[in-house]
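The values are calculated or read from the model by the stated rules, or taken from the named source; none is laboratory data. Since we're looking at a predicted model, the values are computed, not measured. When we count neighbours, we look across all protein chains shown, and the Cβ atoms used for this are built from the backbone with ideal geometry, even at glycine.
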Amino acid sequence: MRLPKALLALLVLVIFSGQTPLPYGPQGAEAEPNREQQWLVPTPLPDHPARAVLYRPPGDGPFHLAVIAHATTQNVLRRAQMPQPEYRALAAFLVARGLAVLVPERLGHGGTGGTYVEDQGGCDEADYARSGRATAGQILLALQFMQKQPFIRLEGAVLIGHSAGGWGALALANESPKTISAIIAFAPGRGGHANDFENRYCAPHTLIAAAETFGKAAAVPVTWLVAANDTYFSPKFSKKLVDAFRAGGAKVDFRVLPASGGEGHWLPESEGGVKLAASELDRALKAQMAATTR
């Protein structure tokens, strides 16, 4: 029996390297809606890929890429029990506008497991700059891997972050605008609900200082969105973070959205929340498309 050339080459590589190739890429067939498909993408830990879900518009592309970075928790048990993030309503909104959407699950969460590399440390001595950069590193690896796929455009990705995922997105504002053309951050931050109390923050001055640090050398425009009833990072406290981020030199469009459900922090996870954010999302995407067609 003759083996296909591609398979033969792969077997030769395995034999001579003595290693099994990492199983990055699709992990099954596409499904509806929006061609939903499970993928594995690289992480900073060798031989430990992250689970991800990919959504795509019809056709072969190439499509602009949107990466959605999820929230996190310092609680080990809650992290382990987290379902794989999907952001279905937000992904559907983006796919309808012609973007492919990747939602990677970072290390230390749910089925991906592994070491939680973005730990912020204790409440009083939290290191928010380090944790944000650790989140950013994982987001960037997934983004760069997808930009190598033939159906994804190499330039002009959109990064959408939620809570700690948004904090990691802010840490990537110093990337080249050719690689990431826009960042949309839903209530970015770390250390909210300190000791499980609403509108309490672990080491708030440290968080504000880290926001200013992330703003330095920032080149990617940021749309910063927060719901009126967000008790993790209220509009008042978010404005302090925005001012610090701007003081570092970043370009930010800050918008307060209407109240969403019982807790506005989860706005981007619901269909109703995405509807509340629709006009601001469209505004940011229109600016992104204009920047990539110059």
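A few notes on this one:
- Residue match in segment 210-230 (condition: part of a helix (DSSP H, G or I) and either farther than 23 Å from V158 by Cα or hydroxyl-bearing (S, T, Y) (or both)): yes
- Residue in segment 64-75 that is surrounded by the most Cβ atoms within 10 Å (Cβ to Cβ), counting only those that are in a loop (DSSP other than H, G, I, E, B) and touching a Gly at 6+ places or on another chain (Cβ under 7 Å): H70
- Long-range neighbours under 6 Å by Cβ, at least six apart or interchain, first residue farther than 14 Å from H265 by Cβ within segment 192-208, second modelled with pLDDT under 95 and polar (S, T, N, Q): none
- Residues in segment 156-205 that are farther than 21 Å from A250 by Cβ and among the acidic types (D, E) were compared, and the one that is surrounded by the fewest Cβ atoms within 10 Å (Cβ to Cβ) is D196.
- Criterion (acidic (D, E), under 20 Å from L276 (Cβ atoms) and modelled with pLDDT of 95 or more) met by exactly one of D243, D230: D230
- Residues of segment 135-166 classified as part of a helix (DSSP H, G or I) and either touching a helix residue (DSSP H, G or I) at 6+ places or on another chain (Cβ under 8 Å) or farther than 25 Å from W224 by Cα (or both), total: 7
- Cβ pairs under 6 Å, 6+ apart, first in segment 124-142 and under 24 Å from P49 (Cα atoms), second among the aromatic types (F, W, Y): G132/W167
- The residue pairs whose first member lies in segment 50-71 and is under 24 Å from G264 (Cβ atoms) and at pLDDT 95 or above, whose second member is in a loop (DSSP other than H, G, I, E, B) and among the aromatic types (F, W, Y), and whose beta carbons are closer than 7 Å, counting only pairs six or more residues apart or on different chains, are I68/Y87.
- Apart from one condition, A291 fits all of (1) surrounded by fewer than 17 Cβ atoms within 10 Å (Cβ to Cβ); (2) in contact with a Leu (Cβ under 6 Å, 6 or more places away or on another chain); (3) within 18 Å of I160 (Cα to Cα); the exception is (2).
- Contacts under 8 angstrom Cβ, first residue in segment 273-286 being more than 21 Å from G262 (Cβ to Cβ) and assigned to a helix (DSSP H, G or I), partner among the aromatic types (F, W, Y) and at pLDDT 95 or above, 6 or more apart: L281/F93
- Criterion (more than 16 Å from the chain's Cα centre (by Cα) and surrounded by fewer than 16 Cβ atoms within 10 Å (Cβ to Cβ)) met by exactly one of R78, R56: R78
- Matching residues, segment 176-195, being farther than 21 Å from D243 by Cβ, at pLDDT 95 or above, within 17 Å of the chain's Cα centre (by Cα) and not hydrophobic (A, V, I, L, M, F, W, C): S181
- In segment 25-41, the residues that are over 15 Å from I152 (Cβ atoms) and either in contact with a Pro (Cβ under 9 Å, 6 or more places away or on another chain) or not in a strand (DSSP E or B) (or both): Q27, G28, A29, E30, E32, P33, N34, Q38, L40
- Some residue of segment 247-259 being of a type outside the set (V, I, T), crowded, with 22+ Cβ neighbours inside 10 Å, free of Cβ contacts under 8 Å to residues at least 40 places away in the same chain and within 23 Å of E118 (Cβ to Cβ): no
- Yes/no for H265 being outside any strand (DSSP E or B), out of contact with any Ser or Thr (no Cβ under 9 Å at 6 or more places or on another chain), on the phi < 0 side of the Ramachandran plot and at pLDDT 95 or above: no
- Residue count, segment 82-141 (criterion: of a type in the set (G, A, S), farther than 28 Å from E212 by Cβ and crowded, with 18+ Cβ neighbours inside 10 Å): 2
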